[in-house]
Amino acid sequence: MAGSATPATTMLTRLGIEFTVHAYEHDRGTEQYGDEAVDALSGGLGVSADRVFKTLVVSTGSSLAVAVLPVPDKLAVKSVAAALGASKVSMADPAAVRRSTGYVLGGVSPLGQRTPLPTVVDTSALGHSTLFCSGGRRGLEIELSAQDLVRATAATVADIRRASASERL
């Protein structure tokens, strides 16, 4: 794990949580960070896309919070708002995300944030023995159990994915 220490990995180590770091070459020309992680993990390790989770920071208007859901899925903002007890949420301003979390976009981890934010993890996470989330920088993913992620972030677990057309049929 030399050279891969981040606030996220430091937090997990301090908590005694088992995890594995997976690094890949980040393409500086992409802004599709989640898709890049899926491509790297599926090609190198055969990981399915629904096990790779993205970290989205949302604003309630008065505070920030984190939503963690599978990369291929869209966020159901009303469901996140309900899970947070807020009337509504919207995507947070990127500058506010950097200030609050200490991470750059594409490297925001739900773990080890400068200011720990309320976190909602999608229920689908619990269906996997392990999942992958950002390790705190672009090109770095952490594999850990969903239960450990929920415990480490004191997360609420809720269905925060928007239903696809095929799921509505």
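The values are calculated or read from the model by the stated rules, or taken from the named source; none is laboratory data. Here the structure is a predicted model, which is why all the values come from computation and not from measurement. As a convention, Cβ positions derive from the backbone with ideal geometry for all residues, glycine included, and neighbour counts pool all protein chains shown. With ligands, DNA and RNA removed, areas are computed over all heavy atoms of the protein, side chains included. Shrake-Rupley method; radii C 1.70, N 1.55, O 1.52, S 1.80 Å.
Summary of computed values
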| item | result |
| --- | --- |
| Spin-label model distance (nm) - residue 45 vs residue 15, 7 Å beyond Cα toward Cβ | 1.7 nm |
| Cα centroid separation - the stretch 50-84 against the stretch 96-169, whole Å | 8 Å |
| Rg over Rh, two decimals, the stretch 41-141 (C-alpha only, Kirkwood Rh) | 0.96 |
| Proximal charge balance of residue 130 [Cβ under 13 Å; K/R count +1, D/E count -1] | -4 |
| Theoretical ellipticity at 222 nm over the chain - DSSP helices of four or more residues, -39500 (n - 2.57) apiece, nearest 500 | -8000 deg cm²/dmol |
| 10 °C / 1.306 mPa s Stokes-Einstein diffusion coefficient of the stretch 6-85, Kirkwood radius on C-alpha pairs, µm²/s | 107 µm²/s |
| Per residue solvent-accessible surface (Å²) - the stretch 34-169, probe of 1.4 Å | 45 Å² |
| Excluding exposed DSSP-loop trypsin sites (Lys or Arg not before Pro) (at most 15 other C-beta within 10 Å), longest clean stretch of the chain | 115-161 |
| Longest to shortest principal axis, alpha-carbon extents of the stretch 30-72, angstrom | 41, 21, 12 |
| Rg in Å to one decimal, and Dmax rounded to a whole Å, for the stretch 50-99 via C-alpha atoms | 10.9, 31 |
| Compactness of the chain - radius of gyration and Dmax, Cα, Å | 14.9, 48 |
